[in-house]
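Worksheet for the structure shown next.
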C-alpha cells in the first residue's frame, strides 16, 4: 500500500476477536502497513522521524488493552463511522466531524503549535527577514487549520506550557514524552576540543526555525563555530542569501542534509558543546531533543517550546535584533565557563534526554494517558 492517504481497518482483530471494543487513530499512516505485515524493520522511513515509531506504539498498546484499531491517514477523505468507537485519537481537524451524540472519548493528538499562531509566526519571520535583507522567501511551514481542540475531551502535547496555553481551555491536558529516531551511543566528550562549536539542526522552513538569526549571530562571533545541518539548497531563495554568508564567514560550516543516526553526524555533534534553535513556533522541538542526546546545551527561544530550555538558555523575545544579541551573549557565557562547568551542563542535557526522550519514555507517557482515560 502506498504511504499516506488511505486507511487500514481491523488491526488486531485476528488476535483479540471481532466483537472487541474499537479505537480510531487519525495520524500519519506511513509505517503502519509494514507493522501489520510484520515487517516493521523494513519500513524505509522508520528512523527518519520519531512520529513513525510512535504511531506503531499507539496501535500496539491499544491492541494490548483489547481494542481493535482502525487507522486513518490524516489525508484520508473516507467518512468515519464515529459511533463504532470507544475512543478516538485524532491529529487532524476531524474531531469537528464527530456527532455530539457519539459516546466516544475524544483525544486531540497535538503534535504542533496552534495553527493561527504558527502561520502568523512564520509570516512575521519572513517579513522581518525581508526587512533586513530585501529578500522574500517562500513560506514552508504553513499548517492546516484545525479546531479539534474545541471538541476534544483530552489534548496531548510534546511541548511546554507556552504551547498548551494557546489551545482551547476545556480539554484535559496530558504531556507526552517525545522520542527520538535513534538514541546515539554515548561518547565521552572532549570538552576542550568541543567548547567553541555549536549546531543548528532543522528541516524545511529554516527561517521559521531561526536559521537566519543563528547565522547573523555567529557572523559576529568569530571565536565560535556554527555547524548548519539541513537541506537549505531546497529553499532556493534562502540559499541565495546563505551561500555568500558561508563564503564570507569561515566559522559557518554547512553540512547540508544529515542522517542524524550516521557516524559522520555523531562526530560533529560529539565535537560540539551547544545547540542554537531560535524557532518561532514548535510543538516540542524534535531537533532539540535529538541533539540533547549528544550533550548539546540548548540556546532556544520560548516559542520553540523545548522542555529542556532550563538546562541552557531561553530567549523570550521575538524581536530579531534581540534574539541575535541574546544568542551572542549566551554563546559567550558558555565560552567563558571552565571545562568542568561545561561538562556538568553537557552531561545534564544528555541525562535529561535519556530520562525523558526515548522510545520507552514515550511508551510510558502514552500508557499513562490510557490509564488516565481508564481504557
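The values are calculated or read from the model by the stated rules, or taken from the named source; none is laboratory data. The structure presented is a predicted model; accordingly, all values stated were derived computationally and were not measured. When we count neighbours, we look across all protein chains shown, and the Cβ atoms used for this are built from the backbone with ideal geometry, even at glycine.
Pick from region 305-330 the residues that are touching a strand residue (DSSP E or B) at 6+ places or on another chain (Cβ under 7 Å) and within 12 Å of residue 216 (Cα to Cα): which of them is surrounded by the most Cβ atoms within 10 Å (Cβ to Cβ)? Step through it out loud before you land on a result.
Of all residues in region 305-330, those touching a strand residue (DSSP E or B) at 6+ places or on another chain (Cβ under 7 Å) come to 306, 308-309, 311-315, 323, 326-327, 330.
When the remaining residues are screened for being within 12 Å of residue 216 (Cα to Cα), the result is 323, 326-327.
Working: 323: 22, 326: 21, 327: 27.
Top of the filtered list is 327.
Can you tell me which residue is surrounded by the fewest Cβ atoms within 10 Å (Cβ to Cβ) among those in region 88-100 that are over 25 Å from the mean Cα position of the chain (by Cα) and in contact (Cβ under 8 Å) with a residue 12 or more places away in the chain? Break it down stepwise before answering.
Taking region 88-100 first, the residues over 25 Å from the mean Cα position of the chain (by Cα) are 97-100.
This time we only want the ones that are in contact (Cβ under 8 Å) with a residue 12 or more places away in the chain, so: 97-99.
Working: 97: 14, 98: 20, 99: 8.
Looking at the filtered set, the residue picked out is 99.
For region 1-87, list the strands (runs of 3 or more DSSP E) that sit wholly inside it and hold at least 3 residues that are surrounded by 21 or more Cβ atoms within 10 Å (Cβ to Cβ) and in contact (Cβ under 8 Å) with a residue 60 or more places away in the chain; which are they? Before the answer, list the steps.
Working: elements: 7-11, 21-27, 67-73.
Result: 21-27, 67-73.
Looking at (1) within 20 Å of residue 347 (Cβ to Cβ); (2) in contact with a helix residue (DSSP H, G or I) (Cβ under 8 Å, 6 or more places away or on another chain); (3) surrounded by 23 or more Cβ atoms within 10 Å (Cβ to Cβ), can you tell me which one residue 290 breaks?
(2)
Can you confirm whether region 153-168 contains a residue that is free of Cβ contacts under 8 Å to residues at least 60 places away in the same chain, assigned to a helix (DSSP H, G or I) and farther than 29 Å from residue 53 by Cα?
There is no residue in region 153-168 that is free of Cβ contacts under 8 Å to residues at least 60 places away in the same chain, assigned to a helix (DSSP H, G or I) and farther than 29 Å from residue 53 by Cα.
Output the number of residues of region 90-116 satisfying the condition of being under 12 Å from residue 283 (Cβ atoms) and either modelled with pLDDT under 95 or part of a loop (DSSP other than H, G, I, E, B) (or both).
Qualifying residue count for the region: 7.
Can you name the residue in region 349-373 that is closer than 25 Å to residue 22 by Cα and touching a strand residue (DSSP E or B) at 6+ places or on another chain (Cβ under 9 Å) and, of all such residues, is surrounded by the most Cβ atoms within 10 Å (Cβ to Cβ)?
This residue is 366.
If I ask for residues that are touching a strand residue (DSSP E or B) at 6+ places or on another chain (Cβ under 8 Å) and farther than 29 Å from residue 344 by Cβ, which ones from region 156-167 would you list?
156, 157, 164, 167
Given the criteria assigned by TED's automatic domain parsing to the domain that holds residue 295, closer than 27 Å to residue 46 by Cα and surrounded by 18 or more Cβ atoms within 10 Å (Cβ to Cβ), does residue 276 qualify? Let's see the steps before the verdict.
Values: assigned by TED's automatic domain parsing to the domain that holds residue 295: yes; closer than 27 Å to residue 46 by Cα: yes; surrounded by 18 or more Cβ atoms within 10 Å (Cβ to Cβ): yes.
When the stated conditions are applied, residue 276 passes them.
Could you say whether any residue in region 338-354 is assigned to a loop (DSSP other than H, G, I, E, B) and either under 30 Å from residue 174 (Cβ atoms) or touching a residue at least 12 places away in the same chain (Cβ under 8 Å) (or both)?
Step one: of region 338-354, the residues assigned to a loop (DSSP other than H, G, I, E, B) are 338.
Going one step further and asking which of them are either under 30 Å from residue 174 (Cβ atoms) or touching a residue at least 12 places away in the same chain (Cβ under 8 Å) (or both), we end up with none.
Scanning region 338-354 turns up no residue that is assigned to a loop (DSSP other than H, G, I, E, B) and either under 30 Å from residue 174 (Cβ atoms) or touching a residue at least 12 places away in the same chain (Cβ under 8 Å) (or both).
For region 219-226, check the following and say yes or no: at least one residue is within 23 Å of residue 113 (Cα to Cα) and under 22 Å from the mean Cα position of the chain (by Cα).
Applying the first criterion (within 23 Å of residue 113 (Cα to Cα)) to region 219-226 yields none.
No, region 219-226 has no match at all.
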